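None of the figures in this text is laboratory data; all of them are computed from the coordinates on show. Please read these numbers as outputs of a predicted model, since none were measured by experiment. Ideal geometry is used to build each Cβ from the backbone, glycine not excepted, and the neighbour counts take in all protein chains shown.
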Amino acid sequence: MSTRDVIIVGAGPSGLAAAIACERRGLDYEVIERGVLVNSIFNFPPHMVFFTTPELLEIGGMPLVSPFEKPTRLEALRYYRRVVETCRLKVSLRQPVLAVQASGEGADAVLEVRSATQGGGERVQRARAAILAVGYYDQPNVLGVPGEDLPHVQHYYKEAHPYYGQRVVVVGGANSAAEAALELYRSGAKVTIVHRHPALSSSVKYWVLPDVQNRIKEGSIAARFGASVRRITTGSVEIEQDGGVEELAADAVLLLTGYHTDREFLRRCGVHVDPVSLVPSHDPDALETNVPNLFLAGGVVVGVDSPPVFIENGRLHGDKVVSLIASRLGR
């Protein structure tokens, strides 16, 4: 079995930036992605607008041209497809990586990357180094309440049209919840926001926050702050607020309570995860984990209280990590 220089797990912006760095340094590499290209961005709501300007989404020095101050999801998808085609990046899609395991010792040690093929088989590759750029959007934070697995309960929001005329409870108070509540209200849904904190998050986009606050103030969108969900039934959501219990009628429930890194996957790769902070073990400068030659890039580095890593700063990890790998390989 041949041994590659680098295998990159994840074809999001951080993984693609690492692939560009490998390409430019002449390293033998491959990107392996469990879903579609930039899978997390693909799963954003279709009409989503980024919080940042186009140049902060760019990788590899390729410009993202947009007529808008803030680029859209559609523009980002088009841009990253063009990056892959222009840079001729080696990307394998729809191939979930199951684990990365160290094999051998000393100078002969390599990493074995096991992935599932579309035909139901398993593929094993060897690499001198690997980069986990798996992000966190694929793992929603669950409430752990009865009824969370009912068919009308979703952890992702796509678009408002299917909810026309329905009573929708949106749980959460950050960007996703605020934007979903506004779109749902303007598409004819009766919306109630349930949030455990006393107010919406200050991180909500500055042009969205006053809009949703005004809709709440005028009563167009109902809100229950300082409230927690106790259970979900086929037609209602039971919440607790100020020591009292209330039952909210609900035809649909959107649990937009955030997302987290796949910690079980990290553990299968031998990466230690702190039980309190949930930060995977890594050198903050080199981004190397406790497994030699296994690196992190992008949002996978954060835990529950760590400063957030978005595309804007995660895209910079790839060149940094690949530079170190190339140096170790004597390139």
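What is the extension gain from Ala249 to Thr233, computed as 0.36 nm multiplied by their sequence separation minus the C-alpha to C-alpha distance, in nm to one decimal?
Values: separation 16, 0.36 × 16 = 5.76 nm, distance 0.95 nm.
Computed gain between Ala249 and Thr233 is 4.8 nm.
Would you mind pulling out the separation of the Cα centroids of segment 253-275 and segment 291-331, in Å?
17
In deg cm²/dmol and to the nearest 500, what is the mean residue ellipticity at 222 nm of the chain if only DSSP H runs of at least 4 residues count, each as -39500 (n - 2.57), divided by the residue total?
Numbers: 8 runs with 76 residues, N = 331.
Value at 222 nm, helices only: -6500 deg cm²/dmol.
Semi-axes, largest first, in whole Å: what does sqrt of 5 times each Cα gyration tensor eigenvalue give for the chain? Let's see the in-between values first.
Working: eigenvalues 311, 97, 59 Å².
Those come to 39, 22, 17 Å.
Taking the Cβ of Thr192 as the center, what net charge do the other residues with Cβ under 11 Å away carry, scoring Lys and Arg +1 and Asp and Glu -1?
Values: positive: Arg167, Lys190, Arg224; negative: Glu246.
Taking every Cβ under 11 Å from that of Thr192, the sum is +2.
Can you tell me the order of 242-248, 311-317, 205-211, 224-230 when each peptide is scored by its average per-residue count of other Cβ atoms within 10 angstrom, highest first? Each step should come with its number before you reach the end.
Working: 242-248: 11.0, 311-317: 20.9, 205-211: 13.6, 224-230: 17.9.
Highest-to-lowest ranking by the protection proxy: 311-317, 224-230, 205-211, 242-248.
Sort out for me the Cα centre separation of segment 184-244 from segment 43-110, rounded to whole Å.
33
Straight-line reach from Lys70: which aspartates and glutamates fall under 12 Å, measuring Cα to Cα and dropping same-chain residues less than 8 apart?
Glu55
Of Val145, Leu294, Thr86, which is farthest towards the positive pole of the chain's charge dipole, taken about the Cα centre with +1 and -1 on the beta-carbons of Lys, Arg and Asp, Glu respectively?
Thr86
Considering only DSSP beta bridges with both partners in the chain, what is the antiparallel share in %, to the nearest 5? Intermediate values should be presented prior to the final figure.
Working: 28 of 58 bridges.
Expressed as a percentage, antiparallel bridges in the chain total about 50.
Put +1 on the Cβ of every Lys and Arg and -1 on every Asp and Glu Cβ in segment 153-255; which of Leu182, Gln241, Ile216 then has its Cα farthest towards the positive end of the dipole?
Of Leu182, Gln241, Ile216, it is Leu182.
Calculated FRET efficiency, Arg114 and Asp211, Cβ-Cβ r, R0 56 Å, to nearest 0.05? Please list the in-between numbers first.
Values: r = 47 Å, r/R0 = 0.84.
Efficiency, from the Cβ-Cβ distance: 0.75.
At 7 Å along the Cα-to-beta-carbon direction for both Thr52 and Ser187, put a label point, then send me their distance in nm to one decimal.
Computed distance between label sites Thr52 and Ser187 equals 2.7 nm.
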